[in-house]
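Written out below as structure tokens is the structure these notes cover.
The values are calculated or read from the model by the stated rules, or taken from the named source; none is laboratory data. Model, not experiment: these values are computed from the prediction. No Cβ is skipped: glycine too gets one built from the backbone with ideal geometry, and neighbour counts run over all protein chains shown.
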Amino acid sequence: QQQVRQSPQSLTVWEGGTTVLTCSYEDSTFNYFPWYQQFPGEGPALLISILSVSDKKEDGRFTTFFNKREKKLSLHIIDSQPGDSATYFCAASKGSSGNKLIFGIGTLLSVKP
Amino acid sequence: EAAVTQSPRNKVAVTGGKVTLSCNQTNNHNNMYWYRQDTGHGLRLIHYSYGAGSTEKGDIPDGYKASRPSQENFSLILELATPSQTSVYFCASGDGTGGTGQLYFGEGSKLTVL
């Protein structure tokens, strides 16, 4: 049973376009939602994160949105670049579980020039 | 710069053999984790530790053991390897409290069980 559902599994966008990745979850006690970026042959690395007390966090071209009522979150990448081509994972954890993160299945993003 | 190193980076094992994957972190983080990554499943937590001498079962612990002999080192042990354990394994460290905080991942260990 997937506790964090992520879509789409793969996505191709043109350079300069906007990328939108989405995730949903069931457990209402999740309160921390990071996004990790993984390039081929490397381990995942934190890209951006948001706490459940916020609905939006921005970092340059990357913005994550959180909707507590619908239990959904999304990652938007504006002006997508070929260097953004990677696998993106959303994740969730609870306040009582340390860093025990539950990951989605990931989205393989390809940005075409 | 946070540093998590894994060894070996690549391993080919035979069915029924014993495999040990090692992880070392220089971040002085209390928490360490072992995940496996498979297409269609993402990253799944196998075992984790909150400090030296402690190990906890994650979501998919069957067929795996873990050992945390020191703050810096965390090993994943497959006593009787099976082909279904062919995967890429990632170790991570973190020092978050209250469920937040960044995880720092190693570069992964690719295991093939024949």
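I need a count of the residues in segment B:45-86 that are of a type in the set (A, V, I, L, M, F, W, C) and touching a Ser or Thr at 6+ places or on another chain (Cβ under 7 Å). The number of residues fulfilling the criteria is 5. Inspect segment B:6-18 for any residue being more than 14 Å from the chain's Cα centre (by Cα) and within 24 Å of A:Trp35 (Cα to Cα) and give the result as yes or no. No, segment B:6-18 contains no residue that is more than 14 Å from the chain's Cα centre (by Cα) and within 24 Å of A:Trp35 (Cα to Cα).
The single condition from (1) in contact with a helix residue (DSSP H, G or I) (Cβ under 6 Å, 6 or more places away or on another chain); (2) hydrophobic (A, V, I, L, M, F, W, C); (3) within 12 Å of another protein chain (Cβ to nearest Cβ) that B:Val113 fails is (3). Only residues that are within 13 Å of chain B (Cβ to nearest Cβ), closer than 19 Å to A:Val4 by Cα and of a type in the set (Phe, Trp, Tyr) were counted in segment A:26-77, giving 5. Of everything in segment A:74-103 that's part of a loop (DSSP other than H, G, I, E, B) and modelled with pLDDT of 95 or more, which residue is surrounded by the most Cβ atoms within 10 Å (Cβ to Cβ)? Filtering segment A:74-103 for residues that are part of a loop (DSSP other than H, G, I, E, B) and modelled with pLDDT of 95 or more, the one surrounded by the most Cβ atoms within 10 Å (Cβ to Cβ) comes out as A:Ser80. Filtering A:Val4, A:Val13 for residues that are buried (at least 20 other Cβ atoms within 10 Å of the Cβ) and over 10 Å from the mean Cα position of the chain (by Cα) leaves a single hit, A:Val4. Scanning segment B:42-58 for residues being assigned to a loop (DSSP other than H, G, I, E, B) and either aliphatic (A, V, I, L, M) or loosely packed, with under 15 Cβ neighbours inside 10 Å (or both) gives a total of 4. The set of residues in segment B:89-114 that are surrounded by fewer than 19 Cβ atoms within 10 Å (Cβ to Cβ), in contact with a Phe, Trp or Tyr (Cβ under 9 Å, 6 or more places away or on another chain) and assigned to a strand (DSSP E or B) contains only B:Lys110.
Residues in segment A:2-25 that are in a loop (DSSP other than H, G, I, E, B) and more than 10 Å from chain B (Cβ to nearest Cβ) were compared, and the one that is nearest to A:Ile78 (Cα to Cα) is A:Thr18. Hey, any hits in segment B:58-68 for a residue that's farther than 30 Å from A:Ser10 by Cβ and of a type in the set (Gly, Ala, Ser)? Checked segment B:58-68: at least one residue is farther than 30 Å from A:Ser10 by Cβ and of a type in the set (Gly, Ala, Ser).
Only residues that are facing chain A (nearest Cβ under 9 Å) and polar (S, T, N, Q) were counted in segment B:9-68, giving 4. Yes or no: segment B:72-79 includes at least one residue that is surrounded by fewer than 15 Cβ atoms within 10 Å (Cβ to Cβ) and either closer than 25 Å to A:Gln3 by Cβ or touching a residue at least 60 places away in the same chain (Cβ under 8 Å) (or both). Scanning segment B:72-79, I find at least one residue that is surrounded by fewer than 15 Cβ atoms within 10 Å (Cβ to Cβ) and either closer than 25 Å to A:Gln3 by Cβ or touching a residue at least 60 places away in the same chain (Cβ under 8 Å) (or both), so the answer is yes.
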